[in-house]
Amino acid sequence: MRGERAVTRGWPVRLQSGDVTVRPLTVADATAWREARRRNAAWLVPWDATVPPGADARPSTFRSLVRRLHRQARDGTTYPFAIEVDGRFAGQVTVNNIVRGSAQFASVGYWIDQQYAGRGVMPRAVAMVIDHCFTAAGLHRIEIAIRPENSNSLRVVEKLGLREVGYAPKFLHIDGAWRDHRIYAMTAEECPEGMLARLEPHKSHE
């Protein structure tokens, strides 16, 4: 039982910094989530993960997606966060592929409604999530994979000071094909002051 509690520590949780909140994605987000995805379809599709031929299909409804994510959260392998700005749904940050044991590793992915882009929302949301992963969740290393063409996502890791650790050809199936990705990472030892603290110098530029 002690090991079982350990893999689920750090979830569920609600985190806040100023007007930005990250909290568990729920079925109650269905309307806002669908509307955001519909309104931002052209902006998001080039960066959206897709299912390669022969792989298991994704959940067909938002409700089934949330249920799957919550099962994974209970198993301690995923933390699915919704982003809110002043109480309004603005996007999503998901901690994926959580590995315990000797690794204590996870990867992070994110998307945001275009109307909130360029306002420092996503760097703050990702910073809060990474800080939580390094503290309450007890993880040691976080990785973010980004397509080289995705300048908006690259700006997020630049603001957070994540270092580039590699280049992965045909790493993930995105927008219908296997795409190359730049790999960024951070360990807990590299950021003892926390990720949110790293954003302070950028505030005057946002």
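The values are calculated or read from the model by the stated rules, or taken from the named source; none is laboratory data. Just so you know, these numbers come straight off a predicted model, no measurement behind them. All Cβ positions, even for glycine, are placed from backbone atoms using ideal geometry, and neighbour counts span all protein chains on display. Heavy atoms of the whole protein, side chains included, go into the accessibility calculation; ligands, DNA and RNA do not. Shrake-Rupley method; radii C 1.70, N 1.55, O 1.52, S 1.80 Å.
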Item to check | Accessible area (Å², per residue) of the chain, counting only protein heavy atoms and a probe of 1.4 Å | outcome: 51
Next on the checklist: Under 5 Å between amide hydrogens, which residues at least 5 positions from Gly91 or on another chain qualify, with H placed 1.01 Å from N in the peptide plane?
Outcome noted: Ile83, Asp113
Item to check | Cleavage-rule hits, chymotrypsin sites (Phe, Trp or Tyr not before Pro), region 33-128, DSSP coil, Cβ neighbours within 10 Å at most 16 | outcome: none
Checklist entry - At a 1.4 Å probe, what is the % contribution of carbon and sulfur to the accessible area of region 57-173? => result 47
Checklist entry - Taking the chain as a Gaussian network, where each spring joins two C-alpha atoms under 10 Å apart, which residue of Tyr184, Tyr167, Tyr79 fluctuates the most? => result Tyr167
Item to check | Helical mean residue ellipticity (222 nm; -39500 (n - 2.57) per DSSP H run of 4+; nearest 500) of the chain | outcome: -8000 deg cm²/dmol
